[in-house]
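A short write-up of the structure that comes next.
The values are calculated or read from the model by the stated rules, or taken from the named source; none is laboratory data. Keep in mind that this is a model prediction, so the values were computed, not measured. Every residue, glycine among them, receives a Cβ derived from its backbone with ideal geometry; neighbour counts consider all protein chains shown. Protein only, heavy atoms only, side chains kept; ligands, DNA and RNA dropped before computing areas. Shrake-Rupley method; radii C 1.70, N 1.55, O 1.52, S 1.80 Å.
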Amino acid sequence: MSDFKLPSATQWGIPSSTKRALLVHGLGCSSLTWERVAEALAREGYFVVAPNLIGHGFRTGTDFRMATVARDLHPYLAHADYDVIIAHSWGSAVVATLLSSLPRSRPTSLVLVDPSLEFPPEFVKAIKEEWANRVANIKSVEDFMAQFPKWTRLDAITRVVGLQACASPDVIREILTQNDPWAFGHLLSDCPPNITITVLIANPEVEKHIPKHPQITCSIIPGVTHWVQYEAPERIVDAALQSVDEGRKVTVQGD
């Protein structure tokens with residue numbers, strides 16, 4: 001175990017804790033996007049690990065296929081068991097791809113935050129350069145705070161850092177190009193019996209991409225943008241804690 005090194009991650013809490021959370025960021029972000037969510041989970045006694053995905057958090061790469069990005073997270077799963085996995089945006093598609101690889105030996109709660117699971121080809125074509133330009137021409141902290149009045153200064157700083165730590169605008173282009181068609185919602189239909197999924201939705205249009213399944217619950221959060229981790233971090237934390245608690249109760253009843 002002493003030789004084991006994670007690819008790249010930020011950690012919060014006490015490593016010896018028996019409660020663990022894995023947080024997966026979205027496109028053009030970094031592990032620091034989870035700062036307020038992770039701090040709250042750490043206060044609840046969790047050891048929290050947030051990886052930096054390939055091409056993000058000062059990491060380089062050329063293969064951005066969803067299966068490759070998901071496989072990059074396997075070392076985290078091989079060396080620890082997680083009570084809850086939380087993912088935002090693109091990170092939710094990564095976790096959906098990872099679903100079949102998750103351990104089956106214990107209950108695991110997934111919280112998908114405004115997941116980006118389905119994009120029509122014309123949408124990808126329309127936004128590819130716009131999203132790449134966010135990395136090429138990064139807004140200032142002040143600009144982000146003006147655009148998103150509900151953000152704290154810390155939120156804006158972590159957003160800027162995430163964009164600065166993205167390897168290049170080509171990372172965004174290649175992620176969208178190499179994952180054509182962008183269609184990952186169907187993967188949730190194969191939810192293993194030990195997994196429960198809570199989907200927190202900012203844009204109601206997202207709900208139509210979530211398959212109907214007895215282990216999947218959707219909840220719309222009104223009055224927030226796509227950046228739920230900045231504007232309503234408590235909703236993410238509450239959903240995670242509730243899901244884990246319900247999973248433990250089911251396990252006790254089953255015993």
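Of the residues T158, T152, only one is open to solvent by less than 20 Å² (accessible area, probe 1.4 Å), over 30 Å from N194 (Cα atoms), of a type in the set (S, T, Y) and out of contact with any strand residue (DSSP E or B) (no Cβ under 6 Å at 6 or more places or on another chain); which? That would be T158, the only listed residue that is open to solvent by less than 20 Å² (accessible area, probe 1.4 Å), over 30 Å from N194 (Cα atoms), of a type in the set (S, T, Y) and out of contact with any strand residue (DSSP E or B) (no Cβ under 6 Å at 6 or more places or on another chain).
Only one of the numbered conditions (1) touching a residue at least 24 places away in the same chain (Cβ under 8 Å); (2) open to solvent by 50 Å² or more (accessible area, probe 1.4 Å) is not met by V224, and that is (2). Answer yes if at least one residue in segment 34-43 is of a type outside the set (F, W, Y), more than 16 Å from V111 (Cβ to Cβ) and open to solvent by less than 20 Å² (accessible area, probe 1.4 Å), and no otherwise. Within segment 34-43 (the criterion being of a type outside the set (F, W, Y), more than 16 Å from V111 (Cβ to Cβ) and open to solvent by less than 20 Å² (accessible area, probe 1.4 Å)), the answer is no, since none of the residues qualifies. Restricting attention to segment 48-82, the residues that are part of a helix (DSSP H, G or I), open to solvent by 10 Å² or more (accessible area, probe 1.4 Å) and hydrophobic (A, V, I, L, M, F, W, C) add up to 3. I'd like to check something: does segment 97-106 contain any residue that is open to solvent by 40 Å² or more (accessible area, probe 1.4 Å) and farther than 18 Å from L187 by Cα? Yes, there is a match, as at least one residue in segment 97-106 is open to solvent by 40 Å² or more (accessible area, probe 1.4 Å) and farther than 18 Å from L187 by Cα.
Close Cβ contacts (under 7 Å, 6 or more residues apart or on different chains) running from residues in segment 32-46 that are within 18 Å of V161 (Cα to Cα) to residues that are open to solvent by 30 Å² or more (accessible area, probe 1.4 Å) and at pLDDT 95 or above comprise L32/T10; L32/V161; E35/L154. Would you mind stating whether S92 is modelled with pLDDT of 95 or more, touching a Ser or Thr at 6+ places or on another chain (Cβ under 7 Å) and in a helix (DSSP H, G or I)? Yes, satisfied. Restricting segment 101-118 to residues that are in contact with a Leu (Cβ under 8 Å, 6 or more places away or on another chain) and among the small types (G, A, S), the residue that is modelled with the lowest pLDDT is S101.
Regarding V171, is this residue at pLDDT 95 or above, within 20 Å of the chain's Cα centre (by Cα) and in a helix (DSSP H, G or I)? When the stated conditions are applied, V171 passes them. Checked against (1) in contact with a Phe, Trp or Tyr (Cβ under 9 Å, 6 or more places away or on another chain); (2) open to solvent by less than 10 Å² (accessible area, probe 1.4 Å); (3) hydrophobic (A, V, I, L, M, F, W, C), A183 passes all but condition (2). Counting residues in segment 135-150 that are part of a helix (DSSP H, G or I), aliphatic (A, V, I, L, M) and under 19 Å from H88 (Cβ atoms) gives one or more.
Checked against (1) touching a strand residue (DSSP E or B) at 6+ places or on another chain (Cβ under 8 Å); (2) over 22 Å from P181 (Cα atoms), A78 meets all criteria but (1).
The sole residue among S92, S140, S100 that is closer than 28 Å to S168 by Cβ and in contact with a Pro (Cβ under 8 Å, 6 or more places away or on another chain) is S92. Every condition in (1) closer than 19 Å to A167 by Cβ; (2) open to solvent by 40 Å² or more (accessible area, probe 1.4 Å); (3) assigned to a loop (DSSP other than H, G, I, E, B) holds for P15 except the one numbered (1).
Looking at W151, W227, which one is touching a helix residue (DSSP H, G or I) at 6+ places or on another chain (Cβ under 6 Å) and among the hydrophobic types (A, V, I, L, M, F, W, C)? Matching residue, one of W151, W227: W151.
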